[in-house]
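Contents: one structure, followed by commentary.
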Amino acid sequence: MTDPHRTDVVVIGAGQAGLSSAYHLQRTGFEPGAGYVVLDGDRAPGGAWQHRWPSLRMATVNGIFDLPGMAFEPPAPQEQASVAVPRYFAEFEKGFGLAVRRPVTVSAVRYGPEDRLLVDSDAGTWAARAVINATGTWNRPFWPYYPGRETFRGRQLHAAAYPGPEQFAGKPVVVVGGGITAIQLLTELAQAGAATTWVTRRAPVFRDEPFTREYGREVVAAVDRRVRAGLVPQSVVSATGLPVTGAILEAQRDGVLNRLPMFDRITPDGIAWDAPAPGEPRSVEADVILWCTGWRAALDHLAPLRLRAPGGGITMDGTRVVLEPRLHLVGYGPSASTVGANRAGREAVREIRQLLAADAGVVVAA
């Protein structure tokens, strides 16, 4: 068996959170190779952004926060987000000479000898003194199960595989989900000539008050309380409610956002409710069901460490895993946003420096 590569820190993932972590590692003295390495499963820079649907333009992106040390120069509003953001990430990696290896698929993180964590991958094994996990959610689209799903004769797809609205023109499409992704896709499908039906589990909450910093801190604090209690985190974006933009007001005026409650079952030809409210349909025919039902954290490779709490999540203290202080999760829970990911990368590196210095008997300033 080949001996594992030895390094101080392995960063898993090269999206916003992973690149921010790598930047702060390098800036504080960790050298590429012996000091740190970034393992990324994609073939090119860009993280999840390179996989976004082709109709997502920079004009309709919720917002991109600068990576540390390099401003994101606003591209043309109609440029595809899947092109503009990966280009920025590639420039960032090159500009700072970050140690990103790709494509590398990590299969497991496990306990190793000499007080190290072993990171197994299809490119070998790394023995690390600490690990920063920044794998995000894109690889784990969530598909809720409803009776009859397997009987549907039409097409079902998740937003992660949405190809754009053109091929759905003239077709009846059911859009499932109450988040901003659902509203964006619902609106452009209707504009392209699809006959849309919008279904959500809970009534959507539209927020027309300004998103102040104070409100943002309240939302982040609420998510942070969940992960500190070992519960599965809720999305920061979903916790904020839906911003009332000009596009949303227009869709409301056009009747596109007339929401129906969640159906009880899927039929071969569409969806059905067992006891609809007065004035609501008993069934709706559909050629397509588009699941805009979110994603879950991609953490299966951490299973050998046995970190799950009784509440189903991983108990956290900031970015640090309580049961394994050598492991930090960034882009998880309260840091699952572009601005949060940057702060989480900085925090994780600060704590790792203190941990490794303590092992060596050195005092490091906070």
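The values are calculated or read from the model by the stated rules, or taken from the named source; none is laboratory data. The model shown is predicted, which means the values in this text are computed figures rather than measured ones. Please note: Cβ atoms are built from the backbone with ideal geometry, for glycine as well, and neighbour counts cover all protein chains shown.
Overview of values
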| read-out | value |
| --- | --- |
| Residue pairs meeting the criteria (Cβ under 8 Å; at least 6 apart or on separate chains; first more than 15 Å from residue 351 (Cβ to Cβ) and part of a loop (DSSP other than H, G, I, E, B), in segment 25-36; second of a type in the set (A, V, I, L, M, F, W, C) and at pLDDT below 95) | 33/99 |
| Spans of strands (runs of 3 or more DSSP E) in segment 274-357 with at least 2 residues in contact (Cβ under 8 Å) with a residue 24 or more places away in the chain, touching a Ser or Thr at 6+ places or on another chain (Cβ under 8 Å) and of a type outside the set (Phe, Trp, Tyr) | 324-329 |
| Where residue 155 falls short, out of the listed (1) touching a residue at least 40 places away in the same chain (Cβ under 8 Å); (2) of a type outside the set (Ser, Thr, Tyr); (3) more than 30 Å from residue 53 (Cβ to Cβ) | (3) |
| Options 269, 287, 317, 264; residue that is of a type in the set (Asp, Glu), assigned by TED's automatic domain parsing to the domain that holds residue 186 and surrounded by fewer than 15 Cβ atoms within 10 Å (Cβ to Cβ) | 264 |
| Any hit, segment 190-206, residues being farther than 28 Å from residue 255 by Cα and part of a loop (DSSP other than H, G, I, E, B) | no |
| Boolean, residue 19 is touching a Leu at 6+ places or on another chain (Cβ under 9 Å), among the aliphatic types (A, V, I, L, M) and modelled with pLDDT under 95 | no |
| Segment 97-126, residues that are without any contact (Cβ under 8 Å) to a residue 40 or more places away in the chain, in contact with a Ser or Thr (Cβ under 6 Å, 6 or more places away or on another chain) and part of a loop (DSSP other than H, G, I, E, B) | none |
